[in-house]
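Trainee: Below: one structure in structure tokens.
The values are calculated or read from the model by the stated rules, or taken from the named source; none is laboratory data. Predicted model, so just to flag it, every value in this text is computed and none were measured. Don't worry about glycine lacking a Cβ; one is built from the backbone with ideal geometry, like all the others, and counts go over all protein chains shown.
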Amino acid sequence: MKMILKLQIILEVHMSQEIPEYKIGQVLRHKIHGYRAVIVGWDEKAKAPEWWLEKAHKGNEEWRNSPNYMILIDTRDRLVAQIGYVVEENIILSKGKVIHPLVNRYFESFDGTCYKPRPWLRNVYPNDV
């Protein structure tokens, strides 16, 4: 049985001295599972329910304390539209558009390499633009 995790975005401004390696709007491919996705948010350290961290991080404490990214997973790689949360170590930058019904909520355009965030998202992640 598959569990579908719904993550909420907490609209807190993400300004940090330790800036994660990746930024909102970047397109990625998951290192292990191979799916395409676009980054819509990040946390300096994992902020997910304990049961989910145990399942996804498999007890890897380093992953809990590393940047984790909220992503929209390309619907060409999944049967239904999914939102994911992935540790920085499992990200490989990629190119191309991501197909997901929520892309237009987060981004206003795509320049061929990266998505341009909507003003509200730029306000949440001011160092990413």
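Trainee: Going residue by residue through region 68-79, is there one that turns out to be in contact with a helix residue (DSSP H, G or I) (Cβ under 6 Å, 6 or more places away or on another chain), modelled with pLDDT under 95 and surrounded by fewer than 16 Cβ atoms within 10 Å (Cβ to Cβ)?
Mentor: no
Trainee: Now a separate question. If you go through region 43-70, how many residues are outside any loop (DSSP other than H, G, I, E, B), within 13 Å of the chain's Cα centre (by Cα) and of a type in the set (A, V, I, L, M)?
Mentor: Total satisfying the criteria: 1.
Trainee: Restricting to region 80-108, name every residue that is surrounded by 12 or more Cβ atoms within 10 Å (Cβ to Cβ) and either more than 22 Å from His30 (Cβ to Cβ) or of a type in the set (Val, Ile, Thr) (or both).
Mentor: Passing the criteria: Ile83, Val86, Val87, Ile91, Val98, Ile99, Val103, Glu108.
Trainee: So Lys47 clears everything in (1) modelled with pLDDT under 95; (2) surrounded by 13 or more Cβ atoms within 10 Å (Cβ to Cβ); (3) in contact with a Pro (Cβ under 7 Å, 6 or more places away or on another chain) except one condition, right? Which one?
Mentor: For Lys47, the failing item is (3).
Trainee: Go over the candidates Val129, Val98, Val87 one by one and state the one that is of a type in the set (A, V, I, L, M) and modelled with pLDDT under 95. Break it down stepwise before answering.
Mentor: Values: Val98 fails: modelled with pLDDT under 95; Val87 fails: modelled with pLDDT under 95.
None of the others qualify; the one that does is Val129.
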